[in-house]
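Peer 1: Let me give you the structure first, and then I'll get to my questions.
The values are calculated or read from the model by the stated rules, or taken from the named source; none is laboratory data. What you see is a predicted model, and the numbers here were worked out from it, not measured in a lab. All Cβ positions, even for glycine, are placed from backbone atoms using ideal geometry, and neighbour counts span all protein chains on display.
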Amino acid sequence: MVKVVHMCVLAACIVIGGLSNVLFAQEISDDFFDLLSGSEPVGKTLIETKPVLNVGTEVSTSIIGSKIKDPEVRACAERGLPEFSMSQMQDVSVMGKSGFVRKSTRELFWKRFENKRSKAVVRVTAPQQEVGVAVLYLETERVHANWYMYQREFKRPRRVTGSGISGSVLGTDFSYEDFEHIEEIIYTGDVARLPDVEIEGHMFYVIERHPDNASSQYSLVKGYIDQVLCVPIKTEFYDHAQKLKKALIANRELIKEKKGRWIPHETTMYDYSRNTHTVFRNYDIKIDPELHSSMFTPQFLKRGR
């Protein structure tokens, strides 16, 4: 997904939890899956803010990672980006409006490939009845990434398509589209830098993006990046009535340094339209571990470790 370790890593880290509704999943063959993936075969709003300054949008290119045009913001975003890969464990708690809490645990693997596009796989490890449920994310140049999911009842991985993109990812308050917007606001460069703000004594870069996909459920996505930690502390999602629909918030007190990068250990996605939220607690985090490319294929989804 900084990305709350850089937004791509964050999104990958927090997106997947609970058990999924697979009504929109389309069964595909392994050969076709591999062709699409390009994988190798197996071997509420922020508190009061104080505007500070406006900055121009000088165009520049990036060697790796973010394509944000503003050089200052891009440099900050890239400081939290693992160079090659990341893995971690994650405990997820989905809080329903009735107060019911649904818990699960999963393992996550993320890797950037030579074409600079990233892939991620997440596998549920608890509770027992959900063990084996897995999701694969493949970044593409198209409007939507390629998403696939697998559970033991399936004969093959299934692709998430159509209206399923706006649906819940494995029962959490995160949708597939939410993940993509977090990815895009850092990577595409098609963002505007707003005046910096001060929040509770901390300075933030503020960037925003208007989704250009007509089918998007959002009209605006806005991100707040801590200027010292270079971590997106908050990402806001506004609907077409300009009303705040969701917010992804990292607990600043639980952001810890690891190998020179600041990594959130607790992040919460709030869905204000449904009055629910999901808490993601990350641990056993490894920066740039050796991850074989075969892990990011349908065979891995079916086979597991």
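Peer 1: Filter segment 50-91 down to residues that are under 18 Å from the mean Cα position of the chain (by Cα), among the charged types (D, E, K, R), modelled with pLDDT of 80 or more and in a loop (DSSP other than H, G, I, E, B), then give me how many there are.
Peer 2: Summing the residues that are under 18 Å from the mean Cα position of the chain (by Cα), among the charged types (D, E, K, R), modelled with pLDDT of 80 or more and in a loop (DSSP other than H, G, I, E, B) in segment 50-91 gives 1.
Peer 1: If you don't mind, there's one more thing I want to ask. Would you check which residues across segment 172-200 are at pLDDT 90 or above and either basic (Lys, Arg) or assigned to a loop (DSSP other than H, G, I, E, B) (or both) and list them?
Peer 2: First, the residues of segment 172-200 that are at pLDDT 90 or above: 173, 192-200.
Listed by number, the residues that qualify are 173, 193, 200.
Peer 1: Among the strands (runs of 3 or more DSSP E) lying completely within segment 92-163, list those that include at least 1 residues that are out of contact with any Pro (no Cβ under 7 Å at 6 or more places or on another chain) and under 28 Å from residue 286 (Cα atoms).
Peer 2: Those strands (runs of 3 or more DSSP E) span 101-112, 118-126, 134-138, 146-150.
Peer 1: A follow-up question, please. Which one of the conditions (1) in a strand (DSSP E or B); (2) among the acidic types (Asp, Glu); (3) modelled with pLDDT under 95 does residue 212 fail to meet, given that it meets all the rest?
Peer 2: Failed condition: (1).
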